[in-house]
Amino acid sequence: MKKSILMFAMILATVSASAQFYVSASGGYSISSAGVRFGTETTTAGVENTYGSYGEGMHTQLRGGYFFNDTFGVEVGVGYLNGADQTSLLVDLPAQAQYINIEARGKAYGASASLVYKFTNNIYGRFGALIKVGGRTESDGKINIALSQTEMLNVDYTQDYEGRLPLGFIGAVGYKYDLSDKVSLFAELEYMGISVTRDTSEITEFSANVNGEARSIEQVKAIFANHPNAQYNPLAAVFNKNIEYVDELPFGANPAGEKQLSQKVPYSSFGINIGATFYFGK
């Protein structure tokens, strides 16, 4: 019994001697990894698909961790993404007086928990789970289209999308350079694999007119629902003040109503992080 207690004490002392706390702060940029089709761009040159991920853009992270020994550790982190613009729909046909530009971007707060492994004193890897804990997808639309030879529709709006709590994967490989035994600089290549299922949306800003005469959200919705150009009919689904996204609808339900089938949108990305780490203990 005494030998067991003594051995446990020696192991604990060894682990404690090599244990180390640290915090790190970084910034970087991510590019799309999912390549999901977002929409189309229509110009006089033709029609082209647009692809991307809401995970693309500038990001910052703050992480804290604990190494049990010289090789293994655990880490938790929080981060913020200021996403780049993604084109949902672009129509630019000046000769026909048709202009539509709808762009969206992600603005998200996330949290992660990872295991960390040191391959060498300078090269390490980490992998774990990622969740999105806050933020939104923001969409801005500008529409200027001729309804007839004498009527012009002008619409400006902003729509915010909220999502359900998602769970994803995070992994990175990094290189660190020690400035001292307490401070190091690092650079990482990071992958985030996560998608968000839409839950609700709200049009937070809206203005519309036909030849200067104001139009409501409902009137604009009716214009697109009955537009002779079938390309514009799906826009009717956008113009609801509030939308609840559900997993099923009854047969015959209006697909452009205030309840619509949910969509899963990509936030996956490849990115680079550059930052500094500060060590405590050991």
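Of the solvent-accessible surface of the chain, computed with a 1.4 Å probe and all protein chains present, 61% belongs to carbon and sulfur. Quick one: grab the alpha carbon gyration tensor of the range 24-73, order the square roots of its eigenvalues as a ≥ b ≥ c, and give me rounded if a/c is under 1.5, else prolate or oblate depending on whether a/b is larger than b/c. Prolate is the answer for the range 24-73, as a/c is 1.5 or above and a/b outweighs b/c.
What length, rounded to one decimal in nm, is gained on full extension from I274 through to S216, with 0.36 nm per residue of separation minus their alpha-carbon distance? Taking I274 through S216 to full extension adds about 16.1 nm, to one decimal. Over the chain, DSSP H runs of length four or greater, each weighted -39,500 (n - 2.57), average out per residue to a 222 nm ellipticity of -3000 deg cm²/dmol. Whole-Hz Karplus values for the range 262-276 come out as 6, 10, 9, 10, x, 10, 5, 7, 10, x, 10, 10, 10, x, 10 Hz, taken residue by residue from phi with 6.51 cos²θ - 1.76 cosθ + 1.60 and θ = phi - 60°; glycine and proline positions read x. Seen from I243, the other residues with C-beta closer than 12 Å to its C-beta sum to a net charge of -2, counting Lys and Arg as +1 and Asp and Glu as -1. Label-to-label distance, H227 versus F251, with points set 7 angstrom from Cα along the beta-carbon direction: 3.2 nm.
Relative contact order of the range 116-275: 22 percent, from C-alpha pairs under 8 Å at least 6 residues apart in sequence. Which one, (1) 19.5; (2) 20.1; (3) 21.9, gives Kirkwood radius over Cα pairs in Å as derived from the coordinates shown? Working out Kirkwood radius over Cα pairs in Å from the coordinates points to (3). Among the GluC sites (Glu not before Pro) in the range 128-185, those located in a DSSP loop and surrounded by at most 16 other Cβ atoms within 10 Å of their own Cβ are E151. Short-range pairs are left out: with C-alpha atoms under 8 Å and at least six residues apart, the relative contact order of the range 226-282 is 26 percent.
As a length-normalised measure over Cα pairs under 8 Å and 6 or more apart, the relative contact order of the chain settles at 19 percent.
Placing unit charges on the Cβ atoms of the charged side chains and taking the dipole of the range 124-282 about its Cα centre, the candidate lying farthest along the positive direction among G212, S184, N233 is S184. Along the axis of the charge dipole computed for the chain (Cβ charges of +1 for Lys and Arg, -1 for Asp and Glu, origin at the Cα centre), the listed residues S201, G77, A108 are led at the positive end by G77. Per residue, the accessible area of the range 163-282 comes to 56 Å², computed with a 1.4 Å probe over protein heavy atoms only. Among 204-216, 261-273, sorting by the average number of other beta carbon atoms lying within 10 angstrom of each residue, highest first, gives 261-273, 204-216.
The values are calculated or read from the model by the stated rules, or taken from the named source; none is laboratory data. Worth saying up front: this structure is predicted, and the values here are computed from it rather than measured. Every residue, glycine as well, gets a Cβ built from its backbone with ideal geometry; the counts of neighbours run over all protein chains shown. Accessible surface is based on the protein model in full, side chains and every heavy atom, while ligands, DNA and RNA are left aside. Shrake-Rupley method; radii C 1.70, N 1.55, O 1.52, S 1.80 Å.
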